[in-house]
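What follows is one structure encoded as structure tokens, with my remarks underneath.
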Amino acid sequence: MGKNRRHRAAAQRARLAGGGEVLGLVEGATAEQVGAAVLEAALQSIQSARAAQYFAGILTGGGAFTPELERGADWAARHLIVEAGRRGWLPGDVYQAAVRRVDEFAVGYLVDTLAAYVREFAPESVDPIWLAQLEEMGATVWWSADEPHLGQWARKQLLIPVEAMTTVIEALALLSNFPQLAVIRPLPGTARPASGARHAIDEKVLGRVRGLLAKAESTDFPDEAETLSAKAQELMTKYAIDRVLVEADTSAPELPGARRIWLETPYLDAKALLVDAVAKANRCRAIFSSAWGFVAIVGDEDELDVVELLVTSLLVQATRAMIAHGNESGRDNHARSRTFRKSFLVSYATRIGERLTRANEETIAKSAAPERLLPVLASYQVAIDKAFDTLFPTARRSRVSVGSAEGWHAGREAADRAQLAARRPIRK
């Protein structure tokens, strides 16, 4: 071991040697005092998984859970979940961040913590997006109220106390490290019923669109995928135009909503560019968090539904086309390199944005009353821009570079084949 490494190791041992003092543990500590010690352990463990294990040993004493430790851990977890909500993190955001940064045991512990927190509130005072995301991740209160959650959870996972406590500290360290985000949905207990029924997108339309896009993703025949994607885009565009015209005569437009779409590595910036292209084409605004790997989108709720559907499908199609191109016979190693693939996806996103915009312009021009539609769409855009600037006042533009001309051209050709408007592919 080199001299610098020995010094760093010695310093780490010195920091951990007084673990009990760091945590402020005293004999006969109350559950809240133990909870504060758990929070301190989480803060100390943000940069070190080994520290989490060490502090877990101190908290458990190498033996069984005490009632104070179980209640203290529950107190600490609830405290940080409440704080995460105040920082703008939705249940789906907590879950997506967890599956990327901690193990499955910690993910499950956080899901349980979310379920316990929301159970405290009347359902009508919890935002529908919160409830939908909790349902999607399967968050339920499965444990008995007769004893604290921690011990029941540890037994269910077959973890001994020190293992379970290590997992809890690692999960809470993640929560402690969450930055401030824009608060895009009301916190539990503060949601109020809408004054009028929200215009929900027709489930029959959504069902048909989902079915068409699923077939487009699964087929091995480009012409078939082209036809299916074309029909899906046609349905979405026509539905949006019809709804806008009807609402212009019958009701005031609703305030814009917001969503977050989490992306999978690699090539996050290129994939974020595709989300931005789809968002713009559907009259939405998007902003990318490179540190956490999500794109926040502001727009009309129905348009946000459309963006999520289309983005999900296009990401699958783009990735499949990128891999298939590199696997074609006669391709050299460059066609499978990171530089080529990132350039492919950036070009694909750019071209998709061009074609979606053109398709929308053509659809609007062919609508029954374009002279009525354009002013309504303009007023929608003003409201969305205002909401976006309020939520993200420091947003700034950024560029995504490409390093492979071959990848750029291949991505553009693949985007041309991904027919999205009700027309034939563009031929060069």
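Okay, here's what the table says:
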| item | result |
| --- | --- |
| Single unsatisfied condition, Val209 versus (1) outside any helix (DSSP H, G or I); (2) at pLDDT below 95; (3) of a type outside the set (Asp, Glu) | (1) |
| Output for segment 365-398, where each listed residue is closer than 18 Å to Ile297 by Cα and either of a type in the set (D, E, K, R) or touching a strand residue (DSSP E or B) at 6+ places or on another chain (Cβ under 6 Å) (or both) | Ile384, Asp385, Lys386, Ala387, Phe388, Asp389, Phe392, Ala395, Arg396, Arg397 |
| Those residues of segment 306-321 which are within 27 Å of Gln180 (Cβ to Cβ) and buried (at least 19 other Cβ atoms within 10 Å of the Cβ), in sequence order | Val307, Val311 |
| Pair list, Cβ under 9 Å, 6 or more apart: segment 131-143 residue assigned by TED's automatic domain parsing to the domain that holds Ala154 and free of Cβ contacts under 8 Å to residues at least 40 places away in the same chain, other residue buried (at least 16 other Cβ atoms within 10 Å of the Cβ) and among the aromatic types (Phe, Trp, Tyr) | Trp143/Trp153 |
| Gly189 being outside the structural domain of Ala51 (by TED's automatic domain parsing), on the phi > 0 side of the Ramachandran plot, modelled with pLDDT of 75 or more and not acidic (Asp, Glu) | yes |
| Some residue of segment 233-241 being assigned to a helix (DSSP H, G or I), assigned by TED's automatic domain parsing to the domain that holds Leu373, under 25 Å from Ser343 (Cα atoms) and at pLDDT below 70 | no |
| Residue that is farthest from Leu69 (Cα to Cα), among those in segment 116-154 that are loosely packed, with under 12 Cβ neighbours inside 10 Å and out of contact with any Gly (no Cβ under 9 Å at 6 or more places or on another chain) | Glu124 |
| Among the candidates Gly92, Gly88, Gly24, Gly108, residue that is modelled with pLDDT under 95 and not β-branched (Val, Ile, Thr) | Gly24 |
| Verdict on Thr350 being surrounded by fewer than 22 Cβ atoms within 10 Å (Cβ to Cβ) and in contact with a helix residue (DSSP H, G or I) (Cβ under 6 Å, 6 or more places away or on another chain) | no |
| Check on Ala296, more than 26 Å from Val94 (Cβ to Cβ) and either touching a strand residue (DSSP E or B) at 6+ places or on another chain (Cβ under 6 Å) or surrounded by 21 or more Cβ atoms within 10 Å (Cβ to Cβ) (or both) | no |
| Residue match in segment 147-154 (condition: aliphatic (A, V, I, L, M), under 30 Å from Ser48 (Cβ atoms) and not in a loop (DSSP other than H, G, I, E, B)) | yes |
| Val162 vs. criteria closer than 30 Å to Val298 by Cα and either surrounded by 16 or more Cβ atoms within 10 Å (Cβ to Cβ) or outside the structural domain of Pro393 (by TED's automatic domain parsing) (or both) | no |
| In segment 271-286, the residues that are part of a helix (DSSP H, G or I) and within 16 Å of the chain's Cα centre (by Cα) | Lys271, Ala272, Leu273, Leu274, Val275, Asp276, Ala279 |
| Any hit, segment 71-88, residues being outside any helix (DSSP H, G or I) and of a type in the set (Val, Ile, Thr) | no |
| Ser125 being among the hydroxyl-bearing types (Ser, Thr, Tyr), in contact (Cβ under 8 Å) with a residue 60 or more places away in the chain and either touching a His at 6+ places or on another chain (Cβ under 7 Å) or farther than 26 Å from Ile46 by Cβ (or both) | yes |
| Residue within segment 354-371 that is in a helix (DSSP H, G or I) and touching a Phe, Trp or Tyr at 6+ places or on another chain (Cβ under 8 Å) present | no |
| Unique residue being under 15 Å from Ser176 (Cα atoms) and out of contact with any Asp or Glu (no Cβ under 9 Å at 6 or more places or on another chain) when the list is Val94, Val126, Val111, Val99 | Val94 |
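To keep it simple, each residue is scored yes or no on (1) modelled with pLDDT under 80; (2) under 23 Å from the mean Cα position of the chain (by Cα); (3) at positive phi.
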residue	(1), (2), (3)
Gly353	no, yes, no
Leu356	yes, no, no
Glu362	yes, no, no
Ile384	no, yes, no
Arg399	yes, yes, no
Ala410	yes, no, no
Leu420	yes, no, no
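The values are calculated or read from the model by the stated rules, or taken from the named source; none is laboratory data. This is a predicted model, so every value here is computed, not measured. Neighbour counts are summed over all protein chains in view; Cβ atoms, including those assigned to glycine, are modelled from backbone coordinates with ideal geometry.
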